[in-house]
Amino acid sequence: MTTTRVALGIEYDGSAFCGWQTQPSRCAVQDHVERALSGIAGETVETVCAGRTDAGVHALSQVVHFDTGAQRPDTAWVRGGNTLLPSSVAVTWARIVPAEFHARYSALRRSYRYVLLNRAVRPAADAGKVGWFHLPLDEGRMQVAARGLLGEHDFSAFRSSECQARSPVRTLHALEIRRSGDYVIIDICANAFLHHMVRNIVGALIYVGKGAQDAGWLSELLEGRDRTRAAPTFDAAGLYLSGVEYDRAFGLPTSGGAAWTALHASSEL
């Protein structure tokens, strides 16, 4: 039987799920996606994703691929899939891709955005969608500290003890911090990320922003490679997988920015 490899863009609110990766309780985003796609294909579908997000983490631009013997138009995977998915998960696009495409291993870069509400009062309308820190933060100090993490490094100091990656070495291409009113926006891009790496970096940046540590502290943590000396892992609620980059030859859409504008009222976000 001839099989076709299909790539999909997936958007989801991670609040109600136990993460991306399938679980025995079937509580993961992957479980819902595979069940919907299997219904459209008329056969069991197994997906591979670009990045396995944790419980409570959202995605504006997750990318998955799967192989199927079913012949369906791209619109069937999008519209048909969405009729079978919960309202908090949506297929945003579908493309037939060559057999050598791999959602995880073909990815050149991954981008995450952390949205932090920085005010004295906790969020209500944004609850579950943003992180929150009650003391004033100096985003300028945070940006200075961020520069010490750019480039290729051993990120053991920002790696979960449960991380299963073979190597702690990653290349950080960009780490930008800016403020929009009460929101501090942290955008981070790397070739790949370790388990909890983004949330651990955010936690350390907050220590600098509130004045508990100086701007050089992140560089010291990096050099020390000791996770126990760093800040606690920060809340998952404000974290979004915002983009995955592939070789243009695959012809995949770029997405994420438009979805974020719809998610939050501020045009700055």
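The values are calculated or read from the model by the stated rules, or taken from the named source; none is laboratory data. Not measured: the values here are computed from a predicted model. Virtual Cβ from ideal backbone geometry, glycine too; neighbours counted across all protein chains shown.
Quick notes
- Residue in the range 75-91 that is touching a helix residue (DSSP H, G or I) at 6+ places or on another chain (Cβ under 8 Å), modelled with pLDDT under 95, surrounded by 15 or more Cβ atoms within 10 Å (Cβ to Cβ) and among the polar types (S, T, N, Q) present: no
- When VAL45 is tested against (1) of a type outside the set (Lys, Arg); (2) in a loop (DSSP other than H, G, I, E, B); (3) closer than 27 Å to ASP126 by Cβ; (4) touching a strand residue (DSSP E or B) at 6+ places or on another chain (Cβ under 6 Å), just one condition goes unmet, and that condition is (3).
- Checking ARG110 against (1) surrounded by fewer than 18 Cβ atoms within 10 Å (Cβ to Cβ); (2) basic (Lys, Arg); (3) in a strand (DSSP E or B), the condition it does not meet: (1)
- Residue in the range 216-223 that is aromatic (Phe, Trp, Tyr) and either in contact with a Lys or Arg (Cβ under 7 Å, 6 or more places away or on another chain) or under 24 Å from HIS58 (Cα atoms) (or both) present: no
- Cβ-Cβ contacts under 8 Å between residues 6 or more apart (or on different chains), taken from a first residue in the range 138-149 that is on the phi < 0 side of the Ramachandran plot to a second residue that is outside any helix (DSSP H, G or I) and hydroxyl-bearing (Ser, Thr, Tyr), are absent.
- Any hit, the range 197-206, residues being farther than 21 Å from LEU241 by Cβ and either part of a helix (DSSP H, G or I) or not assigned by TED's automatic domain parsing to the domain that holds LEU60 (or both): no
- Here SER61 does not qualify as in a helix (DSSP H, G or I), closer than 26 Å to ARG113 by Cβ, touching a residue at least 60 places away in the same chain (Cβ under 8 Å) and in the same structural domain as VAL97 (by TED's automatic domain parsing).
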